[in-house]
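Data first, discussion second: the structure below is written as structure tokens.
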Amino acid sequence: MSTTRIREIREIIREEPVMQPRILAALADGPLTIPAIAQAIGHPTDEVLFWVMGMRRYGKIQEVPGADDEGYFRYATAGWAVKA
């Protein structure tokens, strides 16, 4: 049996309001992938995914068209100018 404690989804989602400013700060210099955001704020990618999807749903960030070479999409602040 694994000794790693997996947090409940409710607990992760509850932290979204606290994590939003940290994620927005990480995106201040431009679009990033979920793994890059996770590295920048020091949290696991599975948790960052929940927070980013919540922020995307409510228009705080947006998905940049086209995936990177590894297949990850990038996300930017809602005011970021996306070039086609």
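The values are calculated or read from the model by the stated rules, or taken from the named source; none is laboratory data. This structure is a prediction, so every number in the text was calculated from the model and none was measured. With ideal geometry, Cβ positions are generated from the backbone for all residues, glycine too; neighbour counts draw on all protein chains shown.
Matching residues to (1) free of Cβ contacts under 8 Å to residues at least 12 places away in the same chain; (2) farther than 22 Å from residue 8 by Cα; (3) of a type in the set (Gly, Ala, Ser):
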| position | (1), (2), (3) |
| --- | --- |
| 51 | no, no, no |
| 56 | no, no, no |
| 67 | yes, yes, yes |
| 76 | no, yes, yes |
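The residues in region 54-84 that are within 10 Å of the chain's Cα centre (by Cα) and either modelled with pLDDT under 90 or more than 17 Å from residue 21 (Cβ to Cβ) (or both) can be counted, and the count is 1.
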